[in-house]
Amino acid sequence: MNQEFEIPREELDNEVDSAAQQPLPDQQVLPEDIHNAQFSTRVRGYDREEVDAFLSALAAELEQLIENQQLLQNQPAPMVEDEEPYAKLGSDAGKLMQLARDHADRMKNDALAEIAAARAAAETEVAELLERAETEASALRDMAERDAKAIKDDADRLHTGALTRAREVEIETENMAAQAQTEVEGIRAAAETEARVLRTEAEEEAKRIKNKARADYTVVTREAHRDANRTEREARQRAEILKDEAEEKANERVRHARAEVRKLNDAESTLKKRIQALQSTLDSLSDAVEDSDAPQDTAPTTVDLTDTRSGPA
């Protein structure tokens, strides 16, 4: 494929005018200048080989014209005022010079036409490239806007989900704390009730035993006056023993009840620890939600679920 280059309009005008349009006797261009002429390369220009071939042919014609001119200068020129521009060079030389000038004019016109066509094509291509670039930029901008909106929607959904989950955890923690508090209060009330019942039963048992002992003592004194003192002593001893046994049984039940109360207090302490752990988890979730929603300065509401009441000693 032949290498092509582009000749700017001003450069082409200057070089063609200098090489072909100026009168030959007054121009400063020599054949070697045409042979050694160098042009800057551009895309979508003339074929370099064709231009070099034309310049070589033009240089050869110029050399021939120079030789003919030198020959004619040695001959006396006729003095004719209305002489044609190239008549002094001779009929053949004048025709040749006119032909070269016409050829140069055609070349210039062709070059200008091709330059105009190339420039129009370049302008069209530039317009198409600009239009395509604007279209692609608009598409990219629309895509970026859609992506940004999708990311914002996802962020909003995540934020809303986090707030909803935090509220659910808070409600769940409050429910668990309330349920634990209710269980503790129920266990404490049941223990206190059972302790009162055991104490009442122990007192009633002791009273019944005393009454029975007194009844037995009365019966014994009625049956035998002789054994009255002995029977009274035995009855009193038996009553004391029974009383001690009843009191011991009552005390044992009271100790058992107190042990149950201590167990309930331990269970209450464990539940308080669980409540504190749940409160700590709730605070952490509230802090995380606050960090994700930084522009808002509202602090998450912290619910104190700990039981400040003291249990039985």
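Some values worked out for this structure:
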| item | result |
| --- | --- |
| Of the criteria (1) assigned by TED's automatic domain parsing to the domain that holds residue 284; (2) at pLDDT below 85; (3) β-branched (Val, Ile, Thr), which one residue 124 fails | (1) |
| Cross-chain or 6+ apart pairs with Cβ under 6 Å, segment 141-163 first and farther than 17 Å from residue 284 by Cα, then modelled with pLDDT under 85 and surrounded by 10 or more Cβ atoms within 10 Å (Cβ to Cβ) | none |
| Filtered residue count, segment 164-173, keeping only those that are surrounded by 12 or more Cβ atoms within 10 Å (Cβ to Cβ) and more than 13 Å from residue 286 (Cβ to Cβ) | 1 |
| Residues (touching a residue at least 24 places away in the same chain (Cβ under 8 Å), over 30 Å from residue 257 (Cβ atoms) and either outside the structural domain of residue 275 (by TED's automatic domain parsing) or not β-branched (Val, Ile, Thr) (or both)) located in segment 166-197 | 166, 170, 174 |
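The values are calculated or read from the model by the stated rules, or taken from the named source; none is laboratory data. Small disclaimer: the values here were computed from a predicted structure and weren't measured. Note that each Cβ is placed from the backbone with ideal geometry, even for glycine, and that neighbours are counted across all protein chains shown.
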